[in-house]
Amino acid sequence: MISAPCLEVAVLVLGTVILLIESFFSKFDRRYLGYAALVGLALIFLATFFIAPQSTMSSAPFWNFYSADATSLFFKRIALATTAGVIVMMFDFAPLVSSGVQGATPQSGLGEFFALPLFTCAGLMWMASAIDFVLIFVSLELVTISFYVLVGFTRRNPASLEAAVKYLVLSAVATGFLVYGITWIFGATGETNLQKIATVLSGTGLEQNAALFGGVLVIIALGFKIAAVPFHIWVADVYQGAPTPVTAYLSVGSKAAGFIVLLRVLDPFLILPQMQTLLVAIAVLTLIYGNLAALPQTNVKRLLAYSSIAHAGYLLVAVVSFSGRAVAFYLVAYLLMTLLSFAVLILVSQPAGDQLESFAGLSQRSPFLAFAMLVAMASLAGVPFTAGFLGKFLVFDAAIATHHFGLVVVAIVTVGAGFYYYFKVVRAIYWDAPPASTDKIIVSPLTRVALIALIAGTFVLGVYPQPIFDALAR
Amino acid sequence: MLLLLVTFTPIVAAILIMIGLPARLTAMAASVLTLLISAIIFLRFNATSGFQFVVTFPISPELGLNFALGVDGLSLLMILLGAIVLVAAVCVTGEIEHHENAFYACLLLIAGGAIGAFASLNLFFFYAFHELALIPTFLLIGIWGTGNRRAAAWKVTIYLALGSVILLVGLIMLYRAVPVSARSLDLRMLHAGQIPASLQSNIYLVLLIGFGILISLVPFHTWAPEAYASAPAPAAMLHAGVLKKFGLYGLLRLALPLLPDGARQWSGILLVLLLANIIYIGLVTIAQRRLDWMLGYSSVMHMGYIFLGIASANILGTTGAAILMFAHGLSIALLFGITGEIRKRVPSLDFDAMGGLAKAMPLAAFAFGLGAFAAIGLPGFANFAAEIMVVFGAFQNGFDYQHFHVFQWATLLALWGVVISAVYMLRAYRRTFFGSSAKSELVITDIRSGFRVPIALLVSVSLLLGFFPQIAVNRLMPTFRNYFSATQ
């Protein structure tokens, strides 16, 4: 049996070792560092199944801000799986990392590129366990700072730099909101531990408005992380400018961690009716804006950015309906289909760019990639027998069970809109004639295995969700 | 076991074709196999007991989710329809210029999805199997369609996706309305009287709109004629013949037995809408100037009669509705199949540009005539037997000797639809096959002799049921008797 905090430590050690090897040895194939990271992540993922239950552990003060319950373990696994998927994508993206840099060898910078996601991963895993505002803040900063570097990693590319600056400035603002909110809550309740805050809030004789104000500020900060409207302004430009694997990471990892924190923070606050109203409003705005803005997009990366806002909307519907199960399952489904679509995008866009036209006639250039993208788009749109559909099913179920019929009506319309823009990609793949250069696209064995695993996961979870429910209920 | 085979044969065949097996041969073998197995199920079916040939695999006890297949008289009839039309559709598929394997795979997926939906005993899979057909329909119309195919493909996809989501919400509302102790997605666990009357009205309305979009109930019908006019003939046969029946099947399977009070409350609105389907769409059909659009509208119009049977909410009317679903599937498939062949041979399907085709295509003319007579409801065809039952069932509803009520008036109005459909069908028949041919220099050959098989299949089954409707009635009666004994 392993103690839960060892997991984060192991990830950090793995990242540090890779950085050290990168710094002290020069003449070797940098891709081995990537393989090492993958193997290490896989081992740590396995280790999550042998974690000692929390009750048997000592009641040291440490456990006042760190939780090792089933939910946090579940989200740690999501973080690990996402990171592994992102590193696989980085192999395909590697040729672009040093492009445009004067005097660079083909592999310069690659070592850090493989190491940085590991630090992000450690931050995400801490966020999954954080039950105290101090740890929430610290782990969030670890995630954000490593993302600053990753977003601007291709620093000779102006779009990437622009994205990095935008992300830096707006994240800093969000962090400001978070700290300010935490101080208000601390001032009103005298606690930073979420459980103790809940106890204080449910008591009487409390300055409730001050705590509520703090709660709203925290939600604003988290709204930045999960890309909820109206805190979404950064999303489209940052997603489009960042290196594609990083975009995938932002879109899955950052969002998953944001939602687990949101669930935990809201737990004490949701008893206040004003908070409910606020969240419903945010969910409606996010659903409508994300889906409508995605409709006219012709750049696939940007389309996926808006679709990521849209999916934040469905997740918020589940949050408002108090359904942790729906949130968790939806995030897993979202992980599978988003990683799948970004992985295909990297391969397809390498010669031609991210435009929708690069997908034209993909079914003839690479039937396998065409099918993978079809599965991803079908799942994102919510076609049955895919994980995306079961996720939507659970979200609708939760919303109807809690009588949020207004949200249901909005969601019906936005799902319909979603079919249009996801099927635009399908149309390009299968209907449109390929451009003049119809070279076959070569898929490396590693990527092929990853894609097959993602496709299989999408289908299996689409009809057999029980493993996820079991993992959550442990 | 047999049901698993009949459901998954088309789907597995579709996957095998995509992997690389010879497309036409595999599709033919799979469809014939499907038909054989469903015929065996049909013959071995015991009319007296409830769901049969049941297979169950548990999936998620906390959701009440399992994978369960089973048939009663109603689903049995629909599965048989799906298998027959699938064989016919594969038979009439001619040379496909590009991506032949994908074409057949899409056809098989549509049929497999429809059959799976009819066989499912679980709401989740009932819904999911139907949606399986969505992407194949989009691709079939978009890639291999004719005319304004891209716009039509978008329209049908968005419409059906939206209808499906509304339906999904309705199904979840239904699931949530059942008290916790009995809550399940399994159809066998759901009984009349579980859902409080006060909740039924809203759920029925959502289901009616969701299913209504899928069935092309007025005013949600505008996708249908355009899609069927643009779709390749086999796709139109399967979609209009089989897949569209899913919505009606759902109303008969769920809405009538589980939500009787809701059905009663909305029956007035439903009567108005279905009369619009019959009379208004009937007149629109007469006004059509192209054969394919005319057929598309006629299939929308005939949905009105099936709705009338469902609205009547008695054994006679619903049995008639079920048989009419079957009969209409056969006749519309035949008509779309022949029209697809005519489309390949003439430059335009405009009535003004055609004429005299019977001289060059006697077999096609004969088959189209049979299909048209069946669609009109000529005695001897299954459509006639079914329409008679529907009309009597509807008329009988709330009948007293003092004065006519809304159902009697509605039935009288609906009867005029028979005249309307005779007008447009016979006119189309005359203008397509008789009269003087507009372009005599065109060399037109008759349809392949291989076409005799699907034509004979569709017509013989229709005639068989027309002369011996009790074959179906015997199997359907226990199902509907259960519905109405529990609610009255």
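Here is a list: B:Ile135, B:Ile143, B:Ile172, B:Ile158. Which entry is facing chain A (nearest Cβ under 10 Å), out of contact with any Leu (no Cβ under 7 Å at 6 or more places or on another chain), at pLDDT below 95 and more than 24 Å from A:Lys392 (Cα to Cα)?
None of the other options fit; the residue is B:Ile143.
All of B:Ile11, B:Ile59, B:Ile41, B:Ile17 fail the test of being of a type in the set (A, V, I, L, M, F, W, C), touching a helix residue (DSSP H, G or I) at 6+ places or on another chain (Cβ under 7 Å) and either at pLDDT below 90 or not in a helix (DSSP H, G or I) (or both), apart from B:Ile59.
Per the conditions (1) away from chain B (no Cβ under 14 Å); (2) over 20 Å from A:Phe423 (Cα atoms), the sole criterion not satisfied by A:Val348 is (2). Inside segment A:13-55, residues that are assigned to a helix (DSSP H, G or I), within 17 Å of A:Ser72 (Cβ to Cβ) and among the hydrophobic types (A, V, I, L, M, F, W, C) make up a count of 5.
Collect the residues in segment B:115-132 that are part of a helix (DSSP H, G or I) and within 11 Å of another protein chain (Cβ to nearest Cβ), keeping them in residue-number order.
Narrowing segment B:115-132 to residues part of a helix (DSSP H, G or I): B:115-119, B:123-131.
Selection gives B:Gly116, B:Ala117, B:Leu123, B:Phe124, B:Phe125, B:Phe126, B:Tyr127, B:Ala128, B:Phe129, B:His130, B:Glu131.
Consider B:Pro219 against the criteria (1) in a loop (DSSP other than H, G, I, E, B); (2) buried (at least 22 other Cβ atoms within 10 Å of the Cβ): it satisfies all of them except one. Which criterion is unmet? Going through the list (1) in a loop (DSSP other than H, G, I, E, B); (2) buried (at least 22 other Cβ atoms within 10 Å of the Cβ), B:Pro219 breaks only (2).
So, in segment A:224-259, exactly how many residues are outside any helix (DSSP H, G or I), of a type in the set (A, V, I, L, M, F, W, C) and under 13 Å from A:Leu150 (Cα atoms)? Explain how you work it out, then say what you get.
First, the residues of segment A:224-259 that are outside any helix (DSSP H, G or I): A:227-232, A:242-243.
Going one step further and asking which of them are of a type in the set (A, V, I, L, M, F, W, C), we end up with A:227-229, A:231, A:242.
Right, trim to under 13 Å from A:Leu150 (Cα atoms) and you get A:242.
The qualifying residues number 1.
Of the residues making up segment B:230-255, those that are more than 20 Å from B:Ala161 (Cβ to Cβ) and either outside any loop (DSSP other than H, G, I, E, B) or β-branched (Val, Ile, Thr) (or both) are B:Ala233, B:Pro234, B:Met237, B:Gly241, B:Leu252, B:Arg253, B:Leu254, B:Ala255.
If you go through segment A:414-437 and keep only what is hydrophobic (A, V, I, L, M, F, W, C) and either without any contact (Cβ under 8 Å) to a residue 40 or more places away in the chain or at the interface with another protein chain (Cβ under 8 Å from one of its Cβ atoms) (or both), you end up with A:Val415, A:Phe419, A:Phe423, A:Val426, A:Trp431, A:Ala436. Name the residues in segment A:121-171 that are crowded, with 24+ Cβ neighbours inside 10 Å, of a type in the set (Phe, Trp, Tyr) and within 16 Å of the chain's Cα centre (by Cα), would you? Those that are crowded, with 24+ Cβ neighbours inside 10 Å, of a type in the set (Phe, Trp, Tyr) and within 16 Å of the chain's Cα centre (by Cα): A:Trp126, A:Phe147, A:Tyr167.
Figure legend. Inter-residue proximity from segment B:48-67: first residues in contact (Cβ under 8 Å) with a residue 60 or more places away in the chain and more than 14 Å from chain A (Cβ to nearest Cβ), second residues surrounded by 14 or more Cβ atoms within 10 Å (Cβ to Cβ) and β-branched (Val, Ile, Thr), beta-carbon distance below 7 Å, spacing 6+ or different chains. Indicated pairs: B:Phe51/B:Val71.
Which of the residues belonging to segment A:149-202 are at pLDDT below 90, basic (Lys, Arg) and either closer than 24 Å to A:Ser67 by Cα or assigned to a helix (DSSP H, G or I) (or both)? Listed by number, the list holds a single entry, A:Lys196. Among residues of segment A:74-91 that are assigned to a helix (DSSP H, G or I), those with a beta-carbon under 8 Å from a residue that is charged (D, E, K, R) at least six positions away or on a different chain give the pairs A:Phe91/A:Arg31.
Filtering segment A:10-33 down to residues that are surrounded by 16 or more Cβ atoms within 10 Å (Cβ to Cβ) and free of Cβ contacts under 8 Å to residues at least 40 places away in the same chain, which residue is nearest to the chain's Cα centre (by Cα)? The selected residue is A:Ala10.
Out of A:Phe419, A:Phe368, one residue alone is assigned to a helix (DSSP H, G or I) and crowded, with 24+ Cβ neighbours inside 10 Å. It is A:Phe419. Of all the residues in segment B:133-148, those that are outside any helix (DSSP H, G or I) and either on the phi < 0 side of the Ramachandran plot or in contact with a Cys (Cβ under 7 Å, 6 or more places away or on another chain) (or both) number 4. Screening the candidates A:Ala372, A:Ala411 for the property of being within 9 Å of another protein chain (Cβ to nearest Cβ), under 30 Å from B:Phe67 (Cβ atoms) and small (Gly, Ala, Ser) yields one hit, A:Ala411.
Exactly one residue out of B:Ala88, B:Ala182, B:Ala83, B:Ala114 is more than 26 Å from B:Ala456 (Cβ to Cβ) and in contact (Cβ under 8 Å) with a residue 12 or more places away in the chain: that is B:Ala182. Annotation: B:Thr479 fulfils all but one of (1) crowded, with 19+ Cβ neighbours inside 10 Å; (2) among the hydroxyl-bearing types (Ser, Thr, Tyr); (3) under 24 Å from B:Asp292 (Cα atoms); the unmet one is (3). Candidates in segment A:393-408 are the residues that are surrounded by 23 or more Cβ atoms within 10 Å (Cβ to Cβ) and more than 8 Å from chain B (Cβ to nearest Cβ); of these, the one that is nearest to A:Val280 (Cα to Cα) is A:Leu407.
Among the criteria (1) of a type in the set (Gly, Ala, Ser); (2) surrounded by fewer than 19 Cβ atoms within 10 Å (Cβ to Cβ); (3) assigned to a helix (DSSP H, G or I), the one B:Ser421 does not fulfil is (2). Restricting segment A:375-387 to residues that are at the interface with chain B (Cβ under 8 Å from one of its Cβ atoms) and part of a helix (DSSP H, G or I) leaves a set whose member that is surrounded by the most Cβ atoms within 10 Å (Cβ to Cβ) is A:Ala381. Only one entry in B:Ser267, B:Ser299 is more than 30 Å from B:Ser198 (Cα to Cα), of a type in the set (Ser, Thr, Tyr) and in contact (Cβ under 8 Å) with a residue 40 or more places away in the chain, namely B:Ser299. Every test in (1) more than 11 Å from every other protein chain (Cβ to nearest Cβ); (2) part of a helix (DSSP H, G or I); (3) within 30 Å of B:Leu238 (Cβ to Cβ); (4) not hydrophobic (A, V, I, L, M, F, W, C) is passed by B:Ser181 save one, and that test is (3). If only residues of segment A:260-302 that are free of Cβ contacts under 8 Å to residues at least 60 places away in the same chain and not in a helix (DSSP H, G or I) are counted, the one that is nearest to the chain's Cα centre (by Cα) is A:Asn299. Comparison of A:Ala227, A:Ala256 shows that the only residue that is at negative phi and either surrounded by fewer than 22 Cβ atoms within 10 Å (Cβ to Cβ) or among the aliphatic types (A, V, I, L, M) (or both) is A:Ala256. Scanning segment A:156-174 for residues that are in contact (Cβ under 8 Å) with a residue 40 or more places away in the chain and in contact with a helix residue (DSSP H, G or I) (Cβ under 7 Å, 6 or more places away or on another chain) yields A:Ala159, A:Ser160, A:Glu162, A:Ala163, A:Ala164, A:Lys166, A:Tyr167, A:Leu170, A:Ser171, A:Ala174.
The values are calculated or read from the model by the stated rules, or taken from the named source; none is laboratory data. Values in this document were obtained by computation on a predicted structure and should not be read as measured data. Note: ideal-geometry Cβ built from the backbone for every residue, glycine included; neighbour counts use all protein chains shown.
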